[in-house]
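Q: There's a structure below that I have some questions on.
The values are calculated or read from the model by the stated rules, or taken from the named source; none is laboratory data. None of these values were measured; they are calculated from a predicted model. Here the Cβ positions follow ideal geometry from the backbone for every residue, glycine too, while neighbour counts run over all protein chains shown.
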Amino acid sequence: MKKTSKLIFLPAVLALLALVFGGCDSGSDDSGDDGGNSDFIAVSAIAGVPVSAATGIPLTLTGTVQPANATNTSIEWSLQSAGTTSASFDTDNVLDATAAGTMVVRARIADGTAEGTDYTQDFPIDVIDLPAYVMISVPGGTVSADIDYNGGTEGTGEGPFANAGTQNMSIAAFTIGETEITYELWKAVYDWASDNERGARKYTFALAVGKEGDDGTLDAAPTNQEPVTYIRGRDMIVWCNAYSEATGKTPVYYLAGTGDFSDDTRVVRESEAGNVNFTSAKAENAVINPHANGFRLPTEAQWEYAARGGNPSDSTNWNYAYAGSDTLNNVAVNSDSHTAAVKTKNPNSLGLYDMSGNLNEFCWDIDSEDNYNQYRQRRGGHYATGEGNCVLTWRDTYNTNNPSPALGFRVAAP
């Protein structure tokens, strides 16, 4: 019996020894492209790199490494070709271009393909000429619920802070346009975005092409710095996405139901015709990409906070009846026959112009009684209205499908 037992266990011992020594051999043979690290995961692509930029607007280069669990994901950027753009790096990943053309940037990930082998990918970026547009930084703050709203000068509705009840309202820091969007800027972005050569990335504005001021001609060449008019709220929403894309930023507005904001095909690029069903309208029912750094309509709270000077503890500026003054004529184009060029009057304490006159300005907030998302708040006075409709607490709603010679907008961003 003992002899039989030894014969039974001998093969098992030999198999164990083969496994041990064989395992050592397989580690040597399996080095492959990963330099001996069997857990190494190579980079397959880099997505989300801007395809456009604008002259004079710094472009921050960003990209998403695929797969997300790649072993190395740190991207180093370099300028391979400036072309005619005169582009240069301000910092490691911020580019400035001063002329139109096409530049090529390279993304490099050290040891991205294998240990000792980098991953590189080149990206062409089209640079376009756009008129300058200044964004003003607005520091965050807290608005007390018991704030005094200008004594007897309250306007219709009194605004979001007056309706805050017993709760204070905190406003995070943001940026907002120094002026209303001019027709010159509107048309430059409009022409670029609606070009047929853009293919699937083309933007569609079904009806409104815009006017220069209240008495301009539709789709004419710009001649001065008056704000754009005769555009609809849905046009503004789509244009914000186009302006974001043109300047290398991530668009804000995506089609309803979007959960994956990396899907570029879900960006809202269509301003639909007037007979669209509001329950399914693309712009009206858009959802906001919480990770986007692009341009958007300001919220009503952001608009009023900025119009008042952005500092609730500054009782002088905060409690002016109008944006920057108690004397309307100092800061607003109103009771006039026509719109005027932006920056005709004095700014408020933040350096923001025309927030109590020239044009009403569209905000993102929907009328609380609107079940179809087509009525949004408008704020500020306009060129033909009286003092009562220019006070900072005045508010009213307007249909996103109706253009007006007295309605415009300015944009906000993080």
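Q: Just wondering, is there one or more residues in the range 269-283 that are without any contact (Cβ under 8 Å) to a residue 40 or more places away in the chain and under 15 Å from residue 364 (Cβ atoms)?
A: no
Q: Just wondering, is there one or more residues in the range 69-87 that are under 44 Å from the mean Cα position of the chain (by Cα), surrounded by 16 or more Cβ atoms within 10 Å (Cβ to Cβ) and modelled with pLDDT under 85?
A: No, the range 69-87 contains no residue that is under 44 Å from the mean Cα position of the chain (by Cα), surrounded by 16 or more Cβ atoms within 10 Å (Cβ to Cβ) and modelled with pLDDT under 85.
Q: If residue 44 satisfies all but one of (1) of a type in the set (S, T, N, Q); (2) under 24 Å from residue 88 (Cα atoms); (3) modelled with pLDDT of 90 or more, what's the number of the condition it fails?
A: Evaluating residue 44 over (1) of a type in the set (S, T, N, Q); (2) under 24 Å from residue 88 (Cα atoms); (3) modelled with pLDDT of 90 or more leaves (2) as the failure.
Q: Still on this structure: Determine whether the range 368-379 contains at least one residue that is within 19 Å of residue 176 (Cα to Cα), out of contact with any Phe, Trp or Tyr (no Cβ under 9 Å at 6 or more places or on another chain) and surrounded by 21 or more Cβ atoms within 10 Å (Cβ to Cβ). Don't jump to the end; show me each part of the working.
A: Step one: filter the range 368-379 for residues within 19 Å of residue 176 (Cα to Cα), giving 376-379.
Narrowing further to those that are out of contact with any Phe, Trp or Tyr (no Cβ under 9 Å at 6 or more places or on another chain): none.
Checking the range 368-379: not a single residue is within 19 Å of residue 176 (Cα to Cα), out of contact with any Phe, Trp or Tyr (no Cβ under 9 Å at 6 or more places or on another chain) and surrounded by 21 or more Cβ atoms within 10 Å (Cβ to Cβ).
Q: A further question on this structure: Read through the list (1) in contact (Cβ under 8 Å) with a residue 60 or more places away in the chain; (2) hydrophobic (A, V, I, L, M, F, W, C); (3) within 30 Å of residue 187 (Cβ to Cβ), then give the number of the only condition that residue 105 fails.
A: It fails just one condition, (1).
Q: Please verify whether residue 292 is surrounded by fewer than 22 Cβ atoms within 10 Å (Cβ to Cβ), among the aliphatic types (A, V, I, L, M) and in contact (Cβ under 8 Å) with a residue 24 or more places away in the chain, treating the condition exactly as stated.
A: Working: surrounded by fewer than 22 Cβ atoms within 10 Å (Cβ to Cβ): yes; among the aliphatic types (A, V, I, L, M): yes; in contact (Cβ under 8 Å) with a residue 24 or more places away in the chain: yes.
So residue 292 fits the description; yes.
Q: Just a yes or no: is a residue in the range 214-237 surrounded by fewer than 17 Cβ atoms within 10 Å (Cβ to Cβ), among the acidic types (Asp, Glu) and on the phi > 0 side of the Ramachandran plot?
A: Of all residues in the range 214-237, those surrounded by fewer than 17 Cβ atoms within 10 Å (Cβ to Cβ) come to 215, 217-221, 223-224.
From the residues that got through so far, the ones that are among the acidic types (Asp, Glu) too are 215, 219.
Cutting the leftovers down to on the phi > 0 side of the Ramachandran plot gives us 219.
Taking every residue of the range 214-237 in turn, at least one turns out to be surrounded by fewer than 17 Cβ atoms within 10 Å (Cβ to Cβ), among the acidic types (Asp, Glu) and on the phi > 0 side of the Ramachandran plot.
Q: Right, something else. When you scan the range 31-134 for strands (runs of 3 or more DSSP E) that lie fully inside it, which ones turn up with 1 or more residues that are touching a Pro at 6+ places or on another chain (Cβ under 7 Å)?
A: 88-91, 94-96, 101-114, 117-128
Q: Pick from 287, 268: which is of a type outside the set (D, E, K, R), at pLDDT 95 or above, in contact with a strand residue (DSSP E or B) (Cβ under 6 Å, 6 or more places away or on another chain) and surrounded by fewer than 23 Cβ atoms within 10 Å (Cβ to Cβ)?
A: That would be 287, the only listed residue that is of a type outside the set (D, E, K, R), at pLDDT 95 or above, in contact with a strand residue (DSSP E or B) (Cβ under 6 Å, 6 or more places away or on another chain) and surrounded by fewer than 23 Cβ atoms within 10 Å (Cβ to Cβ).
Q: Looking at the range 243-267 only, could you name the residues that are closer than 27 Å to residue 135 by Cα, in a loop (DSSP other than H, G, I, E, B) and not charged (D, E, K, R)?
A: Those that are closer than 27 Å to residue 135 by Cα, in a loop (DSSP other than H, G, I, E, B) and not charged (D, E, K, R): 247, 248, 250, 251, 252, 255, 261, 262.
Q: Within the group 279, 299, which residue is modelled with pLDDT of 95 or more, closer than 30 Å to residue 372 by Cβ and polar (S, T, N, Q)? Show your work before the answer.
A: Values: 279 fails: modelled with pLDDT of 95 or more.
Of 279, 299, the one residue that is modelled with pLDDT of 95 or more, closer than 30 Å to residue 372 by Cβ and polar (S, T, N, Q) is 299.
Q: Scanning for something at pLDDT 95 or above, crowded, with 21+ Cβ neighbours inside 10 Å and under 25 Å from the mean Cα position of the chain (by Cα), does the range 393-400 turn up at least one residue?
A: Within the range 393-400, not a single residue is at pLDDT 95 or above, crowded, with 21+ Cβ neighbours inside 10 Å and under 25 Å from the mean Cα position of the chain (by Cα).
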